[in-house]
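FYI, it's all coordinate maths here, none of it is from the lab. Nothing here was measured: the structure is a model prediction, and the numbers come from that model. Please note: Cβ atoms are built from the backbone with ideal geometry, for glycine as well, and neighbour counts cover all protein chains shown.
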Amino acid sequence: MKMTLRTYDLKLKHTFKIAHDQRDIQKTLILELAHEGISGYGEATASNYYGYSIDGMVEILESHRDEIEKYTGMNPEKFWEEMKSNLSSNSFAQCALDVAAHDLFGKMKGQPLYRIWGTNLSAIPTTNYTIGIDTIEKMVEKMGEFPWPMYKIKLGTSEDLGIIIALRKHTDAVFRVDANGAWGIEETINNSRALKKMNVEFIEQPMRAANWVGMKEVFAKSELPLIADESCVTEEYVEKCHNYFHGVNIKLMKCGGLTPARRMISKAKSLGMKVMVGCMTESSVGISAISQLLPALDYVDMDGAVLISNDMAEGPKLKNGQIMMPDGNGSGTRLLSRLKTAD
C-alpha cells in the first residue's frame with residue numbers, strides 16, 4: 001500500500017458567505033491509497049469553524065504513514081477501528097483516509113459501494129443547490145445560473161424573512177433554509193410560521209450548537225421540521241439530538257468518514273429521525289463518497305463540486321433536476337491529472 005497526499009486550492013464561482021464565514025478559496029486535501037495498480041481517493045477540506053488545517057491533517061497522517069501503508073485494502077471498517085486511536089483527534093484526516101479505503105475496496109471488488117452495501121438506486125433524494133448570503137440581486141442571479149427544483153438558502157442576517165419573500169418572487173422551487181446557528185428562540189419560532197407559508201421544507205441549525213435548552217422550546221413550537229448540523233458532529237450526538245431536532249445532517253468530515261456515517265444513519269432511523277447527509281465546499285472526490293449513501297437518505301446536500309470552478313476529479317453530475325451517478329466502482333470518482341496542486 002502507498003499513501004499519497006495532494007493539496008489543492010478550490011476556487012469558488014462566487015464568494016461563499018454564511019452566518020459565520022466567508023471565502024473565495026477552499027483549501028482541500030486529497031488522499032490516495034494505491035495497491036496493486038488500483039487507487040482509492042478520499043478528501044478533507046480545511047475548516048476554521050471546526051479547527052482543522054491542511055497542515056494539521058498532513059502532519060497526523062504522515063505520523064502514522066507506516067501503519068496506514070500496512071493496510072491490505074480489504075476491510076475498510078476494520079481499518080477504521082484499527083486507526084481510530086491514532087486519528088480520533090482529527091476527524092477530517094480520519095475521513096479522508098476512510099473514504100479512500102472504501103473507494104479502494106470497492107474498486108478491488110469491482111462494484112460500487114452502494115451495491116456492496118446491499119442497496120440500489122431505485123429511489124434516491126435529489127440534492128439542493130446552495131445560495132450563499134449576498135444581495136438579493138446576486139442571489140437571484142445565482143439561481144438563474146443554475147435552475148434547480150430545490151435551493152438551500154443561507155440566512156443569518158437582520159433581513160432573513162425579506163430575503164425569502166424576495167427570492168420567492170423569482171422561483172417556485174422548494175426552499176430549505178440554513179441559519180448556521182444565527183437565530184434566537186422566539187426568532188426561530190416566529191420564522192418557522194412565516195417560512196411555512198412560503199414553501200420552505202425545513203430549517204437547518206437555527207440556533208447555536210450548544211443551545212440545547214433553547215432547542216427544546218423551539219422543537220415544541222416550530223411549525224417546520226428542524227435539522228441539526230453543527231449540533232450533530234459525531235456518533236454520540238445523534239441520540240443527543242433526539243427530541244431536540246426532527247432530523248440530523250451528517251457530514252463525513254465531521255464524523256470521521258463513511259464508516260461512522262453509516263452507523264449514524266442507522267441510529268437516527270431507529271429513533272424515527274429524518275436523515276440528511278451534507279457536504280462542505282469540496283471536490284467530486286468527497287461528493288462521490290456521499291453519493292454512495294443516497295439510497296439510505298431522506299435529504300441530501302451534495303452540491304459542493306458545482307460551486308467550484310476547478311474540480312480536480314470526476315464524479316456525480318447534477319443535470320435536469322436529477323443526480324447522475326458516477327459510472328465506476330468504489331465511490332465512482334476519478335482524479336484528473338490536468339489540474340495543478342496548490343503551491
task: Sort out for me the Cα centre separation of region 213-254 from region 1-64, rounded to whole Å.
output: 26
- request: With a/c under 1.5 counting as rounded, go ahead and sort region 113-243 into rounded, prolate or oblate using the C-alpha gyration tensor (a ≥ b ≥ c being the square roots of the eigenvalues; past the cut-off, prolate if a/b is larger than b/c, else oblate).
  value: oblate
- prompt: Which peptide among 244-250, 316-322, 187-193 comes first, and what is the full order, when sorted by highest mean count of other Cβ atoms within 10 Å?
  reply: 244-250, 187-193, 316-322
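Compute the Cα gyration tensor for region 199-291, then decide on rounded, prolate or oblate, letting a ≥ b ≥ c be the square roots of its eigenvalues: rounded whenever a/c is under 1.5, prolate when a/b is larger than b/c in the other cases, and oblate in all that remain. Don't skip to the answer; put the middle values down first.
Details: a/c = 1.91, a/b = 1.59, b/c = 1.20.
Note, shape of region 199-291 comes out prolate.
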field: Sequence ranges 116-124, 15-23, ranked by mean other-Cβ count within 10 angstrom, highest first
entry: 15-23, 116-124
- request: Just round it to a whole percent: the fraction of Cα-Cα distances in region 58-183 exceeding 21 Å.
  value: 60
message: How long are the semi-axes of the equivalent ellipsoid of region 233-284, defined as square roots of 5 times the Cα gyration tensor eigenvalues? Whole Å, largest first.
response: 19, 11, 9
field: Dimensionless Rg ratio for region 120-335, taking C-alpha atoms and the 2.2 N^0.38 Å reference
entry: 0.99
Ratio of the Cα radius of gyration of region 2-114 to 2.2 N^0.38 Å, where N counts its residues: 1.13
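For the ranges 100-107, 174-181, 3-10, what's the packing order if you count other beta-carbon atoms within 10 Å of each residue, average per peptide, and put the highest first?
Descending mean neighbour count gives 100-107, 174-181, 3-10.
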